[in-house]
Amino acid sequence: MTAPVTFLYKSDPVRGRIWAEVFQRHAPEIDFRIWPDVGNASSVRYLAAWEPPADIAERFPNLQVLFSSGAGVDQFDFAALPPDLPVVRMVEPGIIRGMVEYVTHAVLGLHRDMAAYRRQQKQAAWKPLQVKTAAERRVGVLGLGSLGQAVLTQLTAFGFECAGWSRSRHAVEGVQCFAGEGELGAFLARTDVLVCLLPLTDSTRGFLNAKLFAQLPRGASLVQVGRGPQGVDADLIAALDAGHLGEAVLDVTEPEPLPPEHPFWRHPHIQLTPHIASMTQPSSAAEVVIDNLRRFDRGEAMLGLVDRARGY
Ligand code: GLV
């Protein structure tokens with residue numbers, strides 16, 4: 001008899017039960033368990049977690065892969081993980097669709113001046129603003145991973161003038177792609193609506209700062225769906241108050257939840273949502289993870305495998 005293989009899930013238990021059903025259907029040979037029902041710790045080969053236990057190496061001596069239950073891996077303390085343990089980000093159709101919906105909604109709202117109309121409604125002011133065409137609106141997406149590319153494909157279909165920027169060179173159909181520090185200035189200079197979908201790493205902490213905002217055209221707007229620590233709050237407020245930036249749509253903040261006294265809550269040019277832009281959808285996520293387990297078994301590269309040196 002072969003030794004049992006346990007897949008341990010340590011995240012929201014309600015969604016975990018949907019993962020369990022998918023595993024039962026598609027990978028019944030795997031002993032799927034939901035934390036804290038660990039079973040025999042030495043049988044745990046795979047762990048899907050948002051926050052893994054601190055003593056992961058001692059607790060699960062036979063662990064072979066760590067899956068993040070979300071798109072990001074910045075919540076992991078890489079130094080506390082065994083150095084050769086493969087770490088995999090969540091790249092699944094549900095999380096991609098959710099992000100496309102949120103960003104499309106935000107960009108269309110900015111494009112059609114919805115924030116201005118909400119302010120006008122408060123004043124009972126019936127005042128049509130000039131309507132621009134999508135082709136006259138230049139959208140720029142920071143980060144060209146699977147989320148950034150899917151967002152750009154949808155925005156291109158609306159007819160927006162689309163560009164993307166990433167550290168390394170990418171190609172996305174219908175999108176002008178900029179790469180590296182050297183091309184950041186040119187990318188920003190042509191961007192009316194800036195969407196941040198960057199991962200949180202040492203080089204993106206504090207990235208959305210006064211120097212970056214100054215390179216955007218006057219009246220540009222920001223959609224921040226990356227991670228809170230990428231933003232410098234005082235710089236954003238100063239840019240909005242000076243009218244250099246028009247509006248900001250923020251789904252992530254630092255800290256989260258945002259304390260009630262934080263100025264973002266009441267700023268007239270900030271729209272805030274509580275980190276809901278997109279969430280892992282349990283049934284499609286479990287299917288993607290099972291597919292990755294099969295790849296791992298065959299010795300193939302897993303989708304979403306993290307490059308630890310890069311941090312994403
Ligand atoms: C959410 O922010 C995620 O990383 O899935």
How many of the residues making up region 244-275 are in contact (Cβ under 8 Å) with a residue 40 or more places away in the chain and either closer than 21 Å to residue 11 by Cα or surrounded by 15 or more Cβ atoms within 10 Å (Cβ to Cβ) (or both)?
6
Tell me whether region 200-218 contains one or more residues that are assigned by TED's automatic domain parsing to the domain that holds residue 103, touching an Asp or Glu at 6+ places or on another chain (Cβ under 9 Å) and closer than 13 Å to residue 139 by Cα.
yes
Verdict on residue 222 being free of Cβ contacts under 8 Å to residues at least 60 places away in the same chain, of a type outside the set (D, E, K, R), surrounded by 16 or more Cβ atoms within 10 Å (Cβ to Cβ) and part of a loop (DSSP other than H, G, I, E, B)
no
Hey, any hits in region 98-121 for a residue that's aliphatic (A, V, I, L, M), within 16 Å of the ligand (Cβ to nearest atom) and more than 23 Å from residue 15 (Cα to Cα)?
yes
Test result for residue 310, open to solvent by 50 Å² or more (accessible area, probe 1.4 Å) and either part of a helix (DSSP H, G or I) or in the same structural domain as residue 143 (by TED's automatic domain parsing) (or both):
no
Has region 226-237 got any residue that is in the same structural domain as residue 101 (by TED's automatic domain parsing), within 15 Å of the ligand (Cβ to nearest atom) and part of a loop (DSSP other than H, G, I, E, B)?
yes
Name the residue that is farthest from residue 9 (Cα to Cα), counting only residues in region 61-82 that are without any contact (Cβ under 8 Å) to a residue 24 or more places away in the chain and open to solvent by 20 Å² or more (accessible area, probe 1.4 Å).
79
Matching residues in region 115-130 (open to solvent by less than 90 Å² (accessible area, probe 1.4 Å) and either of a type outside the set (S, T, N, Q) or at pLDDT below 95 (or both)) number 6
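With respect to residue 274, determine if the residue is more than 29 Å from residue 307 (Cβ to Cβ), within 16 Å of the ligand (Cβ to nearest atom), out of contact with any strand residue (DSSP E or B) (no Cβ under 7 Å at 6 or more places or on another chain) and modelled with pLDDT of 95 or more.
In short, yes.
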Determine whether region 42-52 contains at least one residue that is in contact (Cβ under 8 Å) with a residue 24 or more places away in the chain, within 27 Å of the chain's Cα centre (by Cα) and surrounded by fewer than 19 Cβ atoms within 10 Å (Cβ to Cβ).
yes
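The values are calculated or read from the model by the stated rules, or taken from the named source; none is laboratory data. This is a predicted model, so every value here is computed, not measured. In this analysis, Cβ positions are derived from the backbone assuming ideal geometry, glycine residues included, and neighbour counts consider all displayed protein chains. Calculation scope for accessible area: heavy atoms of the full protein, side chains included, ligands and nucleic acids excluded. Shrake-Rupley method; radii C 1.70, N 1.55, O 1.52, S 1.80 Å.
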